[in-house]
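The values are calculated or read from the model by the stated rules, or taken from the named source; none is laboratory data. Fair warning: this is a prediction, and the values are worked out from it, not measured in the lab. Cβ: placed from backbone, ideal geometry, glycine included. Neighbour counts: every protein chain shown.
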Amino acid sequence: MSKKMMLLALTAVSAALFATPTVASAQEIHNEPGNQAFTLAGGAGEIRASGEPTYTCETTDGSGTQTNSTTGTMSFDFTGCHINVLGFTVKCRSAGSPLDNTIATGGTYHLITWKNASGTAFPAMLITMNTTTVLCGSTTLYLTGDVIGTITSPACGVASKTLTLSFTATGTTQNHETYTGVNYNLKTSTSSTHSPEVTAALIDHFTTTTPATNTLNCT
């Protein structure tokens, strides 16, 4: 092939590539302008793991900071926490907690777009949890991993001081777990070496509140 013909061929290929529609993919979204501290409060929650008792807590509260419009950090206090073993209620707490029924944990978050099987996009939050040691009587559980919650309000483009998240599961499987083709799950283990680990699910809902309004930008 002559250099001229090769150049024409490369030009045609390049034009074809640029003419190909971009495949839509999951992406980060923004709560603008961000850069605010916030409080969070919610109701009862559960942590479910295969082969383990259900860890139930009565309330959720905490606080956090928006690092920017997409990411930030947050801390949680799950209070009134317990498991049921052989008909007995055993209180649970995180290692170092001054209260015998409070699990303190936290992590970093990213605001994302989550898509269901039909391709419909929803605003969501991906939280990477800090490794947390949970003590329930003589039982020790190590919790780590990631979890995706759906943003149920506000709607995209709406200004609000609050943002409400919902974490749902079917059994021990999180209902929303895939982002950019990767599955994100919580993991639990009863071994300090974190081996073996099993997949766990969080069932909870809470609302964050900032001093000033933010607008959820989903485009």
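Here are some notes:
- Single condition Tyr55 does not satisfy, out of (1) within 19 Å of Leu186 (Cα to Cα); (2) loosely packed, with under 15 Cβ neighbours inside 10 Å; (3) among the aromatic types (Phe, Trp, Tyr): (2)
- Residue pairs meeting the criteria (Cβ under 7 Å; at least 6 apart or on separate chains; first in contact (Cβ under 8 Å) with a residue 40 or more places away in the chain and surrounded by 15 or more Cβ atoms within 10 Å (Cβ to Cβ), in region 145-158; second part of a strand (DSSP E or B) and of a type in the set (D, E, K, R)): Gly145/Lys187
- Region 123-141, subset closer than 27 Å to Thr180 by Cα and touching a His at 6+ places or on another chain (Cβ under 9 Å), residue surrounded by the fewest Cβ atoms within 10 Å (Cβ to Cβ): Thr131
- Flag for Asn68 being modelled with pLDDT of 95 or more, over 21 Å from Ser189 (Cα atoms) and loosely packed, with under 14 Cβ neighbours inside 10 Å: yes
- Residue selected from region 85-116 under the condition within 19 Å of the chain's Cα centre (by Cα) and hydrophobic (A, V, I, L, M, F, W, C), by the criterion modelled with the lowest pLDDT: Trp114
- Residue check, Ala44 surrounded by fewer than 14 Cβ atoms within 10 Å (Cβ to Cβ), of a type in the set (A, V, I, L, M), within 19 Å of Thr208 (Cβ to Cβ) and in contact (Cβ under 8 Å) with a residue 12 or more places away in the chain: no
- The set of residues from region 82-100 being without any contact (Cβ under 8 Å) to a residue 40 or more places away in the chain and surrounded by 15 or more Cβ atoms within 10 Å (Cβ to Cβ) comprises just one member, Ser97.
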